[in-house]
Each structure stands twice: as C-alpha cells, then as structure tokens.
Amino acid sequence: MSFIKIKMTFGAFVLALSLWLFLISNNTYNMVVDMPIEARNLSAQHALNKEVPKVAKVRLKGTGRSLFKSYILKSFFPNFKLVIDLERISEEYSFILNDYFERYPQKISIPSNFDVQYVEIVYPNSIQISLDEYKEKIVDVVVNANISPAPGYTMVGNSEIIPRKVKIAGPKETIEKINIVSTIKYDLNEISDEIQTKMILNTIAEDIIELTPKEVLFKQKIEIISERIISEIPVQLKNVVDEVQVFLSPQTVSLTVVGGIDFISSLNPKDIYINVDFSKWKPSVKFYPIQVEAPTDIIKWMDLSPQNIELIVTKSIE
C-alpha cells in the first residue's frame, strides 16, 4: 500500500472516529450554521430597494447529537428561520441583528424537536433596509436566443412572442429605468420543425422586481428550403416624366426564388417588385438593367430572364 493511500485511510478513520464521538457525546457544543432570513410585513405601498441577505451565520448551542440532527434537517424545515419585521419601516432602517433578536426572541424560529438553543448572530452584524415607492409598469419582451436551422432548412416570417408585453413591479427608481425585459439565453441548434416553446424571463433582481408573467411563448416557422420559378412578373417603370410616353419590352420577366417551401409556394408575381429606372435613360441606349426587390424571407433569387429591358420612348423631352 502506498504512503498516500495510508494517509487517506488514516484520515478517514480519524474523521469517522471524531464523528462517532460527536454523535454519542452528551456534552454541549457550539456550532455555526446558515439560517434563512425572512423579511415580512412589507407595506403594499413600498418595495425593497435592494435585496435582503438570504441567510445569516448563526451560532447554536446543544449536544453533539442535537447539533448534528439540526444541521442535517434544517433544509427540510421551512420554520427554521430568522424573521425581520418591516411593518413600521417607512424609508430606511438599519437592523443591528444581535440587538434586534435579543429584543424580539420570538422572531427566532427553531423547531422544538431540534433541541438546540440560539446563541448569537455571527454574520452579518447588521442589515440595512431601504424602501421606495411601489410602482408597476408594462414593458416589451425581447427574446435572447441563437437559432440555427438544420442544414437544408430556413426560418420564415417574423417570430411571435406571446405575450409581447409583461408587467414589472418594484421600487419606483429601479422600475423607471427598465424599458425591456429579455428572456434568459437560449441556444436552439439543428432545428427542422416549427419552434413553439416556453421561454423563462430574466428575473433581473429576483427579490425586488416582480414579473407577471414569468415566462412567454415563443414561435418561429422553420421550413425546408426549396426553389420555384415565378413567371409573368410585371416590370414597373420608376422616375418617368410626364413629357414622354414609354413602352417596356418585354413587360414581364421570370426568375427563380429560393426559400422556405410553404412560403415560396404562396408567392404570386406581384409580391416581387421588378423595376427599371427611367432617370438613366439616354437616347443612344436601348436596353437597361433590371432592379429586383424580393421579400425578405427569400434566401436568394437567380436566373432572371431577361436581364435587361428595352425602353421605347415615343415622345422626346423638350
């Protein structure tokens, strides 16, 4: 057996022996444990400006067995806590914890079957309470998500957030600075089906800001990528002047669009804006390039035919 294994075995033996002596001993010991803090009776017209510490380190006294039992079971007993009463606080107040619980021992809640006694607060020494006027506000929701469709798929249309606005409530000074609430970060990868998922809102400062509701429904269409030829798309003439009469030849074009299969299937020729700019017309030039403005959900367009349009001007500009 190596020297390291001998040390580990000996250490485990010493620990087990110490624990056994601690458990069977009827002697009184002190032990420091974390004890939850509950701030209660806050006026409906006020809100906390900053979070109250969740726990305090408290020294307890009891037999070895009682202290060990308390340490193991404390997380399962919600009535194991320290209570701070905010009923008479109007704006700010500093609770000196040892003085406060000496004056109000009934605010120390320890189950009787723990068979231990409270001794003192070890940390923190005090808690500063700061209150502000309670305020509610409606703000927009922003989704914080990276969405990566699977190969051969694409996102189509605008995403939908239900509800798009939520209510926040808390201290007036803080609430007035908040204009949006975002979801927690989501990474949605290799997506090949429509997204419809609940997203949790970022709670900001959980203990002082209330959110209603705490989550939203996020929807996003995902479609397989396909392509389609669209014909008979009318050509528009822009920047034409009244002094001339202009004919286009041809008056329609065709092209191929690439995008989500259901989306491109629903397109009609007028959804694509094809135009020629008459401001570039010159008597010596017959053919002019076409400008294409396609819907944003089209991934790309190609195979435009024809690529140039002839402008026939029947009356000269004077």
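Quick notes on this one:
- Listed values for segment 93-109 are Karplus-derived 3J(HN,Hα) couplings in whole Hz (6.51 cos²θ - 1.76 cosθ + 1.60, θ = phi - 60°), namely 7, 10, 8, 7, 4, 4, 5, 5, 7, 6, 7, 10, x, 5, 7, 9, 10, and x replaces Gly and Pro.
- Rounded to whole Hz, the Karplus (6.51, -1.76, 1.60) HN-Hα couplings of segment 267-283, x for glycine and proline: 6, 10, x, 6, 6, 10, 9, 10, 9, 10, 8, 5, 5, 9, 5, 9, x
- Of the residues Ser43, Ser66, the one with the fewest other Cβ atoms within 10 Å heads the list, and the complete ranking is Ser43, Ser66.
- Phi angles of segment 171-182 translate, via the Karplus equation with coefficients 6.51, -1.76, 1.60 and θ = phi - 60°, into HN-Hα couplings of x, 3, 4, 6, 4, 5, 8, 9, 10, 9, 10, 9 Hz per residue; Gly and Pro are given as x.
- Principal-axis tilt of helix 3-24 within the chain, Cα atoms, nearest 10 degrees: 60 degrees
- Annotation: the residues Glu243, Glu133, sorted from fewest to most other C-beta atoms within 10 Å of their own C-beta, follow the order Glu243, Glu133.
- The angle between the Cα long axis of helix 64-73 and the longest principal axis of the Cα atoms of the chain comes to about 20 degrees, rounded to the nearest 10.
- Surface/4 of the Cα convex hull for segment 134-224, nm²: 5.6 nm²
- Residue with peak Gaussian network fluctuation, the chain [Cα springs, cutoff 10 Å], from Thr212, Thr256, Thr154: Thr256
- For segment 69-170, averaging the sequence separation of C-alpha pairs within contact (under 8 Å, six or more residues apart) and dividing by the residue count gives a relative contact order of 29 percent.
- For Asn49, the residues whose amide H sits under 5 Å from its own are Ser130, Leu131, Asp132, ignoring neighbours fewer than 5 places away on the same chain, with H placed 1.01 Å from N.
- Secondary structure note: in segment 134-224, about 75% of the DSSP beta bridges are antiparallel.
- Cα→Cβ-extended label distance, 7 Å offset, between Lys282 and Asp262, nm: 5.0 nm
- In angstrom, the C-alpha Rg and Dmax of segment 225-313 are 14.3, 46.
- In this structure, Asn27 and Ile96 have a Cβ-Cβ separation that, at R0 = 51 Å, corresponds to a calculated FRET efficiency of about 0.95.
- The distance between label points at Ala205 and Phe247 comes to 7.5 nm (points 7 Å beyond Cα on the Cα→Cβ vector).
- Structure remark: mean-square fluctuation, Gaussian network model of the chain, C-alpha springs under 10 Å; the largest value among Gly62, Gly170, Gly259 belongs to Gly62.
- Calculated FRET efficiency for the pair Tyr71/Lys107, C-beta based, R₀ 22 Å, to 0.05: 0.55
- Theoretical FRET efficiency, 1/(1+(r/R0)^6), r = Cβ-Cβ of Asp271 and Glu173, R0 45 Å, to 0.05: 0.35
- 5 angstrom amide H check on Gln236, placed H, neighbours 5+ away: Ile274, Asn275, Val276
- Between the amide H of Ala39 and those of Ile84, distances stay under 5 Å, these residues lying 5 or more places away or on another chain, with hydrogens modeled in the peptide plane.
- Calculated from the alpha-carbon coordinates, the chain shows an Rg and a Dmax of 36.3, 115 Å respectively.
- Taking a Cβ cut-off of under 14 Å around Ile180, the surrounding Lys, Arg, Asp and Glu residues balance to a net charge of +3, with basic ones at +1 and acidic ones at -1.
- Residue-count net charge about Asp297 - beta-carbon cut-off 11 Å; Lys, Arg +1, Asp, Glu -1: -2
- Relative contact order, percent, the chain [alpha-carbon distance under 8 Å, six or more residues apart]: 14 percent
- With neighbours defined as other Cβ atoms within 10 Å of a residue's Cβ, the residues Ser112, Ser254 order from fewest to most as Ser112, Ser254.
- The length gained on full extension between Val119 and Leu304, counted as 0.36 nm times the residue separation minus their Cα-Cα distance, comes to 58.1 nm.
Read-outs: derived from the displayed coordinates by stated rules, not from any lab. Since the model is a prediction, treat every value here as computed from it, not as a measurement. Neighbour counts run over all protein chains shown; Cβ positions are idealised from the backbone, glycine included.
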